[in-house]
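Asks: Following this message is one structure expressed as structure tokens.
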Amino acid sequence: MPADILIFLSDQHAAVYGPGGRMAVDTPNLDDLCRCGTTFTAAYTPCPLCIPARMAMLSGLAPHRTGIYTNNDTLPQTLPTFLHAAAAAGYETVLCGRMHFLGTDQRHGFTRRIAPDITACGWSRPEEALRRDLGVHLQTMGYKWCTDVVGGGESPVVSYDRMVLDRLEEYLAQPHRKPQLIVVGTYGPHFPYVAPEALFRKYLRTAQLPPSWPGRDFPLNVQQRALLPEDDRAEIALACQAAYKGLVEHTDALVGRARRALDRFCADRGTKGLFAYLSDHGDTVGEHGIYGKKSFFEASARVPMIFAGDGVEAGRQINAPVSLLDVGPTLCEWMNAAPLPAADGRSLAAVLRGGQADQDRIVRSELVDQVAGSWVYTAMVRHRDEKYITCHGDEKNDQLFDLEKDPYELHNLIKERPRAATALAAEGLSVAQAAKQVQRQQLRTQQIALLRAAEKESGGSDPERWHDFPDAARQPPACCVTTLAGEPGKAQSHRFLGLPDQPEKG
């Protein structure tokens, strides 16, 4: 019988916070997964934003081919995903939790869904329903307001993720005829920066400002500067780091639950199993003064990618760059399913079985972001230890980092290594055509505005979002560093006694 497969896809987990990362977090379950499997230490998102990254991963196509660059977009029904390939090969394709689909098609190759999403599923945003469900956290899931509520306690993210794992365990406790390909989608460690109270207090005691904080003196490009928050107080940065680490540890416990559930299921059926842990993008958590995603600094662009199971070489680290675009081709080969047509990703199945990785591979990531009312194309290229970042129209602030010597990305080598920068720019960006991508996004913005207006006029659509948040998840956390004061974006500081009086940089 074919292997049963479980893909655990978290949201916004930076690889630097976890096994082998430079930011110490207790992750015993992920540590064990690494010991039992193969870890890709230089895995990158194709786009440092939720929906573009997820749609690229599902289809195997880079954002400049899907045309999806924002969280207000989705795949067309005619574009197949690796779930379609799995279903055609006889698999039950199961979505348990978050995937951030928009519109009437909430499947895109999944044959069933056993837990709803946490974010709005329609083109229009149901403000009143979200306000009722999320309470003070209504706006804190967006980066502009993510530091408005920081602390320890219950939150919509923590409550939602527990529900997702409950549904998974219930599902895997039942018999199923077909081989299973299950994608578990949690929302953590995505902000709001509110972790279970004990974990928040634990990490607050050791929080340190990152060497690149607050970032305003570093020569950022125009897109990066637009991500800088107005409030850059040290106590906020320390508290956000503590909460984020707590959320990572909380997610680690959920990974352990998922893996044990799959192991029991496979043992009962007498089947082989494959388990993978991934995230769609990372979170800078105050590095370079930025919070959240949408930059190409390592904490935002590099993600965990760990595979373990029957046939996967144990205890191995692959340091060659790879991409989330590789997930679909890898799974298709592992399942003996039809390959994704014209995929940009590569199958890593042979590498998982002990083969050699391509040490000379170039991996790209790209984004079209709105800066001061205009759309701007930005991109990253990784080759060996060098990483190049460019912002179309602001090339004078291009960046080149040697990640082996400079893991915190403090030293821009663009003037010291001009030939390397030129080569990476030519090799990595020629396919995208920046101006074309901006024009494409301008058109998509108009198209989606029409879809949103039509949906709102017809009464809205939010078919598969979870509504059953406990009351405690809607309130300010019990151990609170900042709380909302009036309108979103206006925070009032509350000193928490656990914060260091004179914080030092780590």
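Asks: Looking only at residues that are in contact with a strand residue (DSSP E or B) (Cβ under 8 Å, 6 or more places away or on another chain) and surrounded by 15 or more Cβ atoms within 10 Å (Cβ to Cβ) in the stretch 205-221, which one is farthest from residue 388 (Cα to Cα)?
Replies: My answer is 208.
Asks: Is there a residue being touching a residue at least 60 places away in the same chain (Cβ under 8 Å), of a type in the set (A, V, I, L, M, F, W, C), in contact with a helix residue (DSSP H, G or I) (Cβ under 8 Å, 6 or more places away or on another chain) and surrounded by fewer than 20 Cβ atoms within 10 Å (Cβ to Cβ) anywhere in the stretch 90-109?
Replies: no
Asks: Do we find a residue being over 19 Å from the mean Cα position of the chain (by Cα), assigned to a loop (DSSP other than H, G, I, E, B) and either surrounded by 21 or more Cβ atoms within 10 Å (Cβ to Cβ) or of a type in the set (Asp, Glu) (or both) anywhere in the stretch 117-137? Spell out how you get there, then give the answer.
Replies: Initially, the stretch 117-137 is screened for residues over 19 Å from the mean Cα position of the chain (by Cα), giving 122-137.
Now drop any that are not assigned to a loop (DSSP other than H, G, I, E, B), which leaves 122-126.
Keeping just the survivors that are either surrounded by 21 or more Cβ atoms within 10 Å (Cβ to Cβ) or of a type in the set (Asp, Glu) (or both) gives 123.
Yes: the stretch 117-137 contains one or more residues that are over 19 Å from the mean Cα position of the chain (by Cα), assigned to a loop (DSSP other than H, G, I, E, B) and either surrounded by 21 or more Cβ atoms within 10 Å (Cβ to Cβ) or of a type in the set (Asp, Glu) (or both).
Asks: Moving on to the next point. For the stretch 427-450, which positions are aliphatic (A, V, I, L, M), over 30 Å from residue 383 (Cβ atoms) and free of Cβ contacts under 8 Å to residues at least 60 places away in the same chain?
Replies: Within the stretch 427-450, the first condition is being aliphatic (A, V, I, L, M), and the residues that meet it are 429, 431-432, 434-435, 438, 443, 448-450.
Subsequent filtering for residues that are over 30 Å from residue 383 (Cβ atoms) retains 443, 448-450.
443, 449, 450 - these are the residues of the stretch 427-450 that are aliphatic (A, V, I, L, M), over 30 Å from residue 383 (Cβ atoms) and free of Cβ contacts under 8 Å to residues at least 60 places away in the same chain.
Asks: Further question on the same structure: So how many residues does the stretch 333-392 have that are in contact with a helix residue (DSSP H, G or I) (Cβ under 8 Å, 6 or more places away or on another chain), in a helix (DSSP H, G or I) and surrounded by 19 or more Cβ atoms within 10 Å (Cβ to Cβ)?
Replies: Of the residues in that region, 3 qualify.
Asks: Quick one: residue 426 ticks every box in (1) among the small types (Gly, Ala, Ser); (2) more than 26 Å from the chain's Cα centre (by Cα); (3) over 30 Å from residue 358 (Cβ atoms); (4) exposed (fewer than 14 other Cβ atoms within 10 Å of the Cβ) bar one, so which box is it?
Replies: Failing condition for residue 426: (3).
Asks: Consider only pairs whose beta carbons are under 7 Å apart and that are at least six residues apart or on different chains; among these, list those whose first residue lies in the stretch 1-14 and is at positive phi and whose second residue is modelled with pLDDT of 95 or more and assigned to a strand (DSSP E or B).
Replies: 12/189; 12/279
Asks: What do you reckon, is residue 251 assigned to a helix (DSSP H, G or I), among the polar types (S, T, N, Q) and within 17 Å of the chain's Cα centre (by Cα)?
Replies: yes
Asks: When both residues are 6+ apart or on different chains and their Cβ atoms are under 6 Å apart, which pairs have a first residue that lies in the stretch 395-418 and is closer than 16 Å to residue 429 by Cα and hydrophobic (A, V, I, L, M, F, W, C), and a second that is at pLDDT below 95 and surrounded by 17 or more Cβ atoms within 10 Å (Cβ to Cβ)?
Replies: Note: pairs meeting the criteria are 400/421.
Asks: I would also like to ask the following. Is it fair to say residue 272 is of a type in the set (Lys, Arg) and buried (at least 22 other Cβ atoms within 10 Å of the Cβ)? Steps first, answer last, please.
Replies: Working: of a type in the set (Lys, Arg): yes; buried (at least 22 other Cβ atoms within 10 Å of the Cβ): no.
Here the answer is no, as residue 272 does not meet what is asked.
Asks: If the requirement is being touching a Lys or Arg at 6+ places or on another chain (Cβ under 7 Å), under 26 Å from residue 52 (Cβ atoms) and touching a residue at least 12 places away in the same chain (Cβ under 8 Å), which of these qualifies: 282, 286, 292, 215?
Replies: Details: 286 fails: touching a Lys or Arg at 6+ places or on another chain (Cβ under 7 Å); 292 fails: touching a Lys or Arg at 6+ places or on another chain (Cβ under 7 Å); 215 fails: touching a Lys or Arg at 6+ places or on another chain (Cβ under 7 Å).
Only one candidate qualifies: 282.
The values are calculated or read from the model by the stated rules, or taken from the named source; none is laboratory data. Because the structure is a prediction, the values reported are computed rather than measured. FYI the Cβ positions are ideal-geometry reconstructions off the backbone, even for glycines, and counts take in every protein chain you see.
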